[in-house]
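J.: Would you mind keeping the following structure in view while I ask a few things?
What follows draws every value from the coordinates through simple rules; no lab data is involved. Fair warning: this is a prediction, and the values are worked out from it, not measured in the lab. Don't worry about glycine lacking a Cβ; one is built from the backbone with ideal geometry, like all the others, and counts go over all protein chains shown.
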Amino acid sequence: MAHQARTAVVTGAGSARGIGRETARQLGAAGFAVVALDVDGTAAEETAALVGSEHDVAAVGIEADVTDEAAVDRALSTVESADLPPVAALVNNAAISGPAPFLEITRSEWERMFEVNVTGTYLVTRRALPGMLQRGYGRVVNISSVAGERGGGLFGGAHYAASKAAVLGLTRALAREVGQRGVVVNAVAPGLVDTDIVGDLLGTERGRRIVADTPVGRGGRPADVAATAVFLAGESAGYITGATVDVNGGAHMA
C-alpha cells in the first residue's frame, strides 16, 4: 500500500498554532489523504482546506467532540463512506490542559481532563481500530506529554500529568494486543511546545528558565512534534510499537 492509497485521521487538528494542524499538514506532504477532526468544525475545515491547497491531496474537516461516542461514530462513518482511501493512520492529538495545584483541582476538572485526554483517545481508537485489524495494517500514534513521564513540573497540573501518563499505559497495553495483526501503537511525548494550549509561557521568566535548562537551547515547535508523529504514522515504523518517543530538546532524558 503506497501512502497515496492511505488516509490519516488527526484529532484536535483545528488550532492554528497547534500540533494537530501541523501534523495534518506534514501528513499531507507525505502523500496521505487527511481527515482533520476538531470540536470546532470551522477550524477543522480550515485545516483541511490548508492541507488540500498545499499538497494537492484529499483533505476533509469534520466537527467531532472526541468525548461523545455518537459524534465519533458519525465522524468515522462519514470518513468510511466518503471517496477516500482506507484509514491507515490515526493520530490522537486532541487534549486539554490546566495548571491548577492539586488541592485546587475540583472533581469536575479532574474528570473533564481524563474525559478528553484519555477517554477521547480510547473512543476514537476503538472506532478506527476494527478497520485496521480487518485490513491487517495500521498505525496509531498517541500524543502524550513529558508531564506524563516526569510527573508534571513544566506545564499542567497533577490531573494533566496523570491523564498523559494514562495515555502511555494505554499505548503499551494496546500495542501488546494488536502487534501481531499488523497494527503498531506508539506515543510521542512532547516537552514545552509553542502552541495555543501553552499560551505565552515561553515568553515569561519561567519559560525562559525552562529554555535555558534545555540542552538544545530553545522551546519546541509544532513541526518538531509533527515530524515524529508522521514518521510513526508511516510504513517505516512497522517494527516500532509500544514506544514513547521523547521530543523535548533534552529537557527530560528517560
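J.: With springs only between Cα atoms under 10 Å apart, run a GNM on the chain and tell me which of 153, 120, 41 wobbles the most.
T.: For the chain, modelled as a Gaussian network with Cα springs under 10 Å, the answer is 153.
J.: Which FRET efficiency value, to the nearest 0.05, is calculated for residue 204 and residue 173 with the Förster distance at 45 angstrom and r the Cβ-Cβ distance? Show your work: numbers first, answer last.
T.: On the way: r = 37 Å, r/R0 = 0.83.
Once rounded, the FRET efficiency stands at 0.75.
J.: May I ask for the net charge around residue 235, where only other residues with Cβ less than 14 Å from the Cβ of residue 235 are counted and Lys, Arg are +1 while Asp, Glu are -1?
T.: Neighbourhood net charge equals +3.
J.: Could you work out how far helix 19-29 tilts from the main Cα principal axis of the chain, as a 0 to 90 degree angle to the nearest 10?
T.: With both axes taken from Cα atoms, the answer is about 40 degrees.
J.: Let me ask something else about it. For helix 158-178, report the angle its Cα long axis makes with the longest principal axis of the Cα atoms of the chain; keep it between 0 and 90° and round to the nearest 10°.
T.: 30 degrees
J.: Turning to a different aspect of this structure: Which residue fluctuates most in the GNM of the chain (Cα springs below 10 Å): 206, 218, 127?
T.: Most flexible of the set in this elastic network: 206.
J.: Size of the dipole of the range 3-245 about the Cα centre, Lys and Arg at +1 and Asp and Glu at -1 on the beta carbon, nothing else charged, in debye to 20?
T.: 880 debye
J.: Then there's this: Give me the net charge for the shell around residue 50: Cβ to Cβ below 15 angstrom, other residues only, Lys and Arg +1, Asp and Glu -1.
T.: -4
J.: Choose one of 49, 10, 118: the residue whose Cα lies farthest towards the positive end of the charge dipole of the chain (beta-carbon charges +1 Lys, Arg; -1 Asp, Glu; about the Cα centre).
T.: Sorting the options by dipole projection puts first 118.
J.: Another one. Place a +1 charge on the Cβ of each Lys and Arg in the range 173-254 and a -1 charge on the Cβ of each Asp and Glu, then give the dipole magnitude about the Cα centre in debye, rounded to the nearest 20.
T.: 140 debye
J.: Moving on. Quick check for me: using +1 on Lys/Arg Cβ and -1 on Asp/Glu Cβ, what's the dipole size of the range 82-206 about its Cα centre, in debye to the nearest 20?
T.: Details: 12 positive and 11 negative charges, 142 e Å.
Dipole size: approximately 680 debye.
J.: Tell me, 113, 132, 253 in order of fewest to most beta-carbon neighbours within 10 Å? Show your work: numbers first, answer last.
T.: On the way: 113 26, 132 22, 253 8.
With the fewest neighbours first, 113, 132, 253 line up as 253, 132, 113.
J.: Working from Cα positions, state the angle (0 to 90°, nearest 10) between the long axis of helix 41-55 and the longest principal axis of the chain.
T.: Taking the Cα atoms of the chain, the angle to 41-55 is about 70 degrees.
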